[in-house]
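The values are calculated or read from the model by the stated rules, or taken from the named source; none is laboratory data. Quantities reported herein were computed from a predicted structural model and do not represent experimental measurements. As a convention, Cβ positions derive from the backbone with ideal geometry for all residues, glycine included, and neighbour counts pool all protein chains shown.
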Amino acid sequence: MDLKNKFCPKPFEYLDIHFVEGEFRCYVCCPTWLPVSVGDIGKGGLEAVWNGDLIKEIRKSMLNSSFLYCDKSLCPEIQAGTLHHKDYIYKSDYKEYLNYEDGQVPHGPKIVYFSEDRTCNLACPSCRKDYITLNDDLFDHLKGTRDKFLPDLMKDVENLNICSSGDPFSSRLYREFLFQFEGDQYPKLKINLNTNGVLLTPEVFQKMSGIHRNLSQIFISIDAAKEESYNIVRKGGQWQKLLDNISGLVQFRKKGLIDHLQLDFVVQDHNYREMPAFVKLGRSLGVDKVYFQRISNWGTFNDQEFAKRDVLSPSHPQHLHFLDVCRHPLMRDKIVKKGNLSSFIPKAQREKFYQFLKSFKFLRRMRKRVLEISR
């Protein structure tokens, strides 16, 4: 892939805060896509993290288009070819970032992710080996530390995202924040939620009335289109309750209380056959988008187990079948966000060629070879 003159603004405006091994580790992108911590905000404070030596080097890698610290195979922007070209940047702040040649940024982060608490009501095998719940002592520590750095952190924040590490409504840390936060004090702030949706009932939604004017996007991780597979990939979930909750959120979306409602799907061996059905489910429920993402190993699997799950790998025995699923007409529906599956989901012209080959029995070997070459 050609990354010459390409640019990513994230390290100039984005901060993702995790709690790992006693540290409040910060990242300038999703840690799966750019797996380098730029420091511990709990020890050094915001400025030490935000304009430290390492983050400056990461920013320089965006300015020189080397993307040295990025996982290019997993980054959806790189895979989809949607990175900005330096010669055609139109946003004034992005143009300004190009002038920060030493990597120093004069403002604070504009996009913040709270990911410190991994508490969740589910134990999805792709994420964890068992249920995780924050105890009282750790809750006090996380909240106390966050309260110290929060005033500096919030000065320039435009988008606050909660949370990519667990579920915001299972977590006491995030639940109390969402129920008590006074959004009117931050009229320009947009709040986005990542949730599995099981606990987000209409009643819980109403308890967030203090942020209804700030609420922007809700992303619901489902990873299935049928209850049977949902029970495998979303251990502890409640399928019918989830669907009822989504229907309620769709109504709030129609009332203008939510800007964007999206269903997410982590592709793996248990569920990839249901990808087209997931698109159909999203359309029937009335959400804005359905998003597909390649499974990543967050330390949950050993190498052998992960190889069994990752059907996107060309060496996986079901990989060619996965490619067939990607060519289903529904996968080209306008509701689909391809994420880092962009190179697997063909455009219409390419699909016609594959279907032509498929129609001739004696060309099946050639078709198989074409599929292998295309990967």
Name the residues in the stretch 22-77 that are crowded, with 22+ Cβ neighbours inside 10 Å and assigned to a helix (DSSP H, G or I), would you? ILE41, GLY42, VAL49, TRP50, ILE55, ILE58, ARG59, MET62
Can you name every residue in the stretch 291-333 that is of a type in the set (A, V, I, L, M, F, W, C), buried (at least 19 other Cβ atoms within 10 Å of the Cβ) and part of a loop (DSSP other than H, G, I, E, B)? ILE295, VAL311, LEU312
Listed by first then second residue, the pairs whose first member lies in the stretch 292-321 and is closer than 23 Å to PHE278 by Cα, whose partner is among the hydroxyl-bearing types (Ser, Thr, Tyr) and in a helix (DSSP H, G or I), with beta carbons under 7 Å and at least 6 positions apart or on separate chains, are VAL311/TYR272
Please work out if CYS124 is crowded, with 21+ Cβ neighbours inside 10 Å, under 22 Å from the mean Cα position of the chain (by Cα) and farther than 17 Å from GLU23 by Cβ. no
Across the stretch 244-274, the tally of residues that are hydrophobic (A, V, I, L, M, F, W, C) and more than 20 Å from SER164 (Cβ to Cβ) stands at 3
Would you check which residues across the stretch 192-205 are closer than 13 Å to PHE169 by Cβ and of a type outside the set (Gly, Ala, Ser) and list them? LEU193, ASN194, THR195, ASN196, VAL198, LEU199, LEU200, THR201, PRO202, GLU203, VAL204, PHE205
How many residues, within the stretch 111-129, are closer than 21 Å to LYS143 by Cα and of a type outside the set (Gly, Ala, Ser)? 10
If HIS260 meets every condition in (1) of a type outside the set (Lys, Arg); (2) more than 15 Å from PHE322 (Cβ to Cβ); (3) surrounded by 15 or more Cβ atoms within 10 Å (Cβ to Cβ); (4) touching a helix residue (DSSP H, G or I) at 6+ places or on another chain (Cβ under 9 Å) apart from one, which number is that one? (3)
Sole miss for ARG283 among (1) of a type outside the set (S, T, N, Q); (2) part of a helix (DSSP H, G or I); (3) crowded, with 16+ Cβ neighbours inside 10 Å is condition (3)
On the given criteria, is TYR131 under 30 Å from ILE232 (Cβ atoms) and at pLDDT 95 or above? yes
